[in-house]
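The values are calculated or read from the model by the stated rules, or taken from the named source; none is laboratory data. Just so you know, these numbers come straight off a predicted model, no measurement behind them. Quick reminder, even Gly has a Cβ in these numbers, built from the backbone with ideal geometry, and neighbours come from all protein chains shown. Note: areas computed on protein heavy atoms with side chains; ligands, DNA, RNA excluded. Shrake-Rupley method; radii C 1.70, N 1.55, O 1.52, S 1.80 Å.
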Amino acid sequence: PNYTLDSDTVLEKVPVRVKPPRRWKVVLYNDDYTPMDFVVLVLMRFFGHDEDAATRIMWQVHTQGKGVCGIYSREIAETKMMQVNRFSRENGHPLLCQIELHD
Ligand code: TYC
């Protein structure tokens, strides 16, 4: 393990993570009810995709069952997941967004 020195230069056993932060996939799941236009809007609004990219990802989800919206640190990924699920429920759609640890 690694150690840090505090301001009094006393050695403390504080483990430091040296490896780069883990990355998380934000994933959308298909369902039978959410309109395609709404999924495209979500991909543009929350993930910064242009209309072409958003439409491609929407079709990927529609045909394959799930698809990746983007890859982020855990905090950003969790925030986007919560924003998408809140926005979907507010608009009466069952669209499901989850996060997965990236390989
Ligand atoms: N399957 C939906 C429909 O036919 C469209 C859809 C696409 C829903 C992607 C969810 O994540 C999704 N209206």
**OP:** List the residues whose amide H sits under 5 Å from the amide H of R23, counting only those 5 or more places along or on another chain, with H placed 1.01 Å from N in the peptide plane.
**Re:** H102
Original post:
G70's amide H: which non-local residues (gap 5+, or another chain) put their own amide H closer than 5 Å, with H modeled 1.01 Å from N in plane and none for Pro or chain starts?
Top reply: V26
Original post:
Between the helical axis of 74-90 and the dominant principal axis of the chain, each derived from Cα atoms, what acute angle in degrees is found, rounded to the nearest 10?
Top reply: 30 degrees
**OP:** Note the full-extension length gain between T79 and K66 as 0.36 nm times their separation in residues minus their Cα-Cα distance, in nm to one decimal.
**Re:** 2.8 nm
**OP:** Grab the Cα-Cα distance for E51 and R17, subtract it from 0.36 nm times how many residues apart they are, and report the gain in nm with one decimal.
**Re:** 8.4 nm
Subject >> the chain, Rg to Rh (Cα coordinates; Rh as Kirkwood inverse mean 1/r) >> reply: 1.21
**OP:** For the chain, with all protein chains present and a 1.4 Å probe, just round the carbon and sulfur fraction of the accessible area to a whole percent.
**Re:** 52 percent
Original post:
Quick one: longest stretch of the chain between exposed loop chymotrypsin sites (Phe, Trp or Tyr not before Pro), exposed meaning at most 14 other C-beta atoms within 10 Å and loop per DSSP?
Top reply: 34-103
**OP:** Sort out the exposed loop trypsin sites (Lys or Arg not before Pro) in the chain (DSSP loop, at most 12 other Cβ within 10 Å) and tell me the longest stretch that has none.
**Re:** 23-103
**OP:** With θ set to phi - 60°, apply the Karplus curve 6.51 cos²θ - 1.76 cosθ + 1.60 along the stretch 16-33 and write out the HN-Hα couplings as whole Hz, x wherever there is a Gly or Pro.
**Re:** 10, 7, 9, 4, x, x, 5, 10, 10, 7, 9, 10, 9, 10, 6, 8, 8, 10
